[in-house]
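Comments concern the structure below.
Nothing in this text is a laboratory measurement; each read-out follows from the coordinates by a stated rule. Keep in mind it's a predicted model, so treat the numbers as computed, not measured. Using ideal geometry, Cβ is built from the backbone for each residue, glycine included, and neighbour counts are taken over all protein chains shown.
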Amino acid sequence: MRIGVPLETHLGETRVAATPETVKKLVSSGHSVVVEAGAGIKASLPDAAYEAAGAMMGTATQAFGAEIVLKVLPPSADELNSLARGTVVIGMLNPFDNDGLARLAERGVTGFALEAAPRTSRAQSLDVLSSQANIAGYKAILLATHYYPRFMPMLMTAAGTVKAARVLVLGAGVAGLQAIATAKRLGAVIEASDVRPAVKEQIESLGAKFIDVPYETDEERECAQGVGGYARPMPASWMQRQAQAVHERAKQADIVITTALIPGRKAPTLLSAETVAQMKPGAVVVDLAAAQGGNCPLTVADQAVTAHGVTIVGPTNLAAQVPADASALYARNVLDFLKLVLTKEGTLELNLEDDIVAACLMCRDGQLLRKQP
């Protein structure tokens with residue numbers, strides 16, 4: 001098969017969908033790979049490294065003219081016009097973007113959205129959400145230290161003792177757990193909250209204190225179990241109790257990292273404007289849900305704003321700030337997905353009996369197969 005790897009053109013995007021490591025494996029399997037010149041430069045991957053791995057360097061037209069096109073983000077309008085009918089596009093196509101997927105379908109493209117892969121042990125090696133969220137959690141702490149006007153660890157100096165920063169992490173998914181681990185390495189004192197009781201042990205194993213909000217009804221307990229690794233919206237009664245607990249902890253925190261997302265829905269509010277107003281001067285909030293409306297109503301996407309002396313940062317693509325490792329992990333995710341749709345003979349075979357392939361397939365033969373309400 002001819003596989004194309006174009007340069008990502010979305011503003012601020014620095015990742016690339018294939019690296020010399022994965023290109024070498026594809027070429028050794030008998031595929032031909034054309035990489036757009038400069039596609040990996042922002043991820044510290046020069047053209048020479050791709051050539052050494054067996055790729056052919058080409059133009060955007062040549063990359064988009066391949067039978068299979070590997071992308072990080074969905075094709076732009078101009079890129080879509082470069083795709084021939086029947087082209088297979090694999091990337092983070094956003095399974096909740098009905099309009100974007102409809103445009104792919106109208107173009108006659110076969111589109112696979114890797115974010116739609118089921119959260120099962122078999123799909124872990126191609127779980128792009130986890131690989132990129134892991135990076136986001138790490139970078140969120142480093143971003144917080146940039147704005148935080150004090151040290152993170154406790155320091156005993158000749159001029160006196162500096163207290164360790166108090167970090168509050170809201171949401172203990174992949175990003176939240178990595179944030180906890182990174183803050184711990186930097187010497188912070190950490191507390192964390194999540195609606196799912198199963199993560200308590202994980203939080204405590206990383207050295208953080210779990211903020212426990214007891215469940216009072218069976219409904220609260222069932223919602224907390226989550227579906228497919230995600231939290232479900234909790235009943236209002238529990239949310240009120242959690243909000244009060246978070247409010248009290250946030251007033252004492254120096255840094256707050258919010259990470260709560262519900263697929264396809266606006267992010268839940270975890271940190272109210274009233275709570276921010278009572279936080280310490282100089283405190284920092286990094287809101288990883290900014291792209292979906294934010295966990296704090298004061299968050300502004302891709303900006304750092306100050307309210308009541310608190311700096312609120314709303315990054316929407318933190319993984320792109322660590323492009324070398326983000327690309328390496330993402331490219332391996334893509335390679336593992338390709339193993340499901342390419343035969344040993346090097347031909348494309350879409351086995352819709354495979355739950356991963358079926359879940360990721362968004363459109364085919366001009367038809368939109370997955371439409372979210």
- Given Cα pairs under 8 Å that are at least 6 residues apart, what percent is the relative contact order of segment 331-373? 19
- Note on the structure: Residue span S76 to D355: 0.36 nm per residue of separation minus Cα-Cα distance leaves a gain in nm of 97.6 nm
- Query: the chain: Rg/Rh from Cα coordinates, Kirkwood Rh?
  - Reply: 1.01
- In which sequence would I312, I90 go, from the one with the fewest C-beta neighbours within 10 Å to the one with the most? I90, I312
- Message: Taking amide H atoms as placed 1.01 Å from N in the peptide plane, list the residues 5 or more away in sequence, or in a different chain, whose amide H sits under 5 Å from that of V69.
- Response: G4, V88, V89, I90
- Query: How large is ³J(HN,Hα) for each residue in segment 97-106, as worked out from phi by the Karplus curve 6.51 cos²θ - 1.76 cosθ + 1.60 (θ = phi - 60°), to whole Hz, x for Gly and Pro?
  - Reply: 8, 4, 5, x, 5, 5, 5, 5, 5, 4
- Residue-averaged [θ]222 nm for the chain, counting only DSSP H segments that reach four residues, each worth -39500 (n - 2.57): -10000 deg cm²/dmol
- Message: Sort M92, M362 by Cβ crowding within 10 Å, fewest neighbours at the top.
- Response: M92, M362
- If each part is reduced to its alpha-carbon centroid, segment 163-215 and segment 337-373 end up apart, in Å, by 37
- Task: Using only alpha carbon pairs under 8 Å that are at least six residues apart, calculate the relative contact order of segment 18-72 and give it in whole percent.
- Result: 39
- Mean Cα-pair separation over length for the chain, i.e. relative contact order, pairs under 8 Å, 6 or more apart, %: 19
- Please list the non-local residues whose amide H lies under 5 Å from the amide H of C363, H modeled 1.01 Å from N, same-chain partners needing a gap of 5 or more. G111, L369
- Message: Which residues among segment 291-324 fall inside the zone where the amide N is under 20 Å from a point 7 Å beyond the Cα of K266, along Cα→Cβ?
- Response: 291-303, 313-316
- Query: Can you pull out the trypsin sites (Lys or Arg not before Pro) in segment 1-93 that DSSP calls coil and that have at most 10 other Cβ atoms within 10 Å?
  - Reply: R85
- In order through segment 331-348: 3J(HN,Hα) via Karplus (6.51 cos²θ - 1.76 cosθ + 1.60), integer Hz, x for Gly, Pro: 4, 5, 4, 4, 4, 5, 5, 4, 4, 7, 10, 10, 7, 5, 7, x, 9, 7
- The local net charge around A18, scoring Lys/Arg +1 and Asp/Glu -1 for residues other than A18 whose Cβ lies under 12 Å from its Cβ, equals +2
